[in-house]
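Below is one structure, written out as structure tokens; comments come after it.
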Amino acid sequence: MRPDGFGGMAVLITADAILGKSTNDILEDFLAENDSGPGNGEHILLRIREDAVREHIGQAIEADPTLTRMTIEMISTADIHAACLAVVERSDLSEERGAAEFRAALAAIRRAEQRRAAAG
């Protein structure tokens, strides 16, 4: 790592795939493994799966023959990986996260009310 940098990434390149995780992803995995109980966890709300992106490519090409002259076989795993990274980098889901956290707060209130009603 550079002295003026932060973050990082690990990449595994094989004949069949390119796999990578950012230091943020690695930390999320560690936190998920070591969650010591209620109130301490973070919950992943969204992940983009590259295999699902490949399925969508096939569906899009099949549904609209005018979309491209490319075939699904012409689109590499590296193309999909780079596209996913670009979409994630350009996406801002802060409003969706806030809405999900608020819905979870309301659900927690309802659960606590149900628990208290059942106890007494």
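All of the numbers you see were taken from the coordinates with simple rules; none came from a lab. Since the structure is predicted, the reported quantities are computational estimates derived from the model, not experimental observations. Reconstructed Cβ throughout: ideal geometry from the backbone, glycine too, with neighbour counts over all protein chains shown.
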Revision key, fill the gap. Placing +1 on each Lys and Arg Cβ and -1 on each Asp and Glu Cβ in the chain, then taking the dipole about the Cα centre, the residue among Cys84, Ile18, Leu45 whose Cα reaches farthest towards the positive end is Leu45
Study note, to complete from the structure: CD proxy, 222 nm, the chain: helix-only mean residue ellipticity via -39,500 (n - 2.57) per DSSP H run with n ≥ 4, per residue, nearest 500, stands at -18000 deg cm²/dmol
Review point. Assigning unit charges at the beta carbon (Lys, Arg +1; Asp, Glu -1) and nothing else, what dipole magnitude in debye, to the nearest 20, does the chain show about its Cα centre?
Key: 540 debye
Review point. Which value, to two decimals, describes the C-alpha radius of gyration of the chain once divided by 2.2 N^0.38 Å?
Key: 1.51
Check your understanding: Once amide H atoms are built 1.01 Å from N in the peptide plane, which residues 5 or more positions from Gly20, or in another chain, come under 5 Å H to H?
Key -> Leu12
Check your understanding: What list of ³J(HN,Hα) values in whole Hz, one per residue of region 8-19 in order, does the Karplus curve 6.51 cos²θ - 1.76 cosθ + 1.60 (θ = phi - 60°) give from phi, with Gly and Pro shown as x?
Key -> x, 7, 10, 10, 10, 10, 10, 5, 9, 7, 10, 10
Exercise for review: Per residue, how big is the convex hull around the C-alpha atoms of region 70-119? Give it to me in cubic angstrom, could you?
Suggested key: 134 Å³
Practice item. Send over the Kirkwood Rh of region 38-77, from the inverse of the averaged 1/r over different Cα pairs, rounded to one decimal Å. Key: 12.5 Å
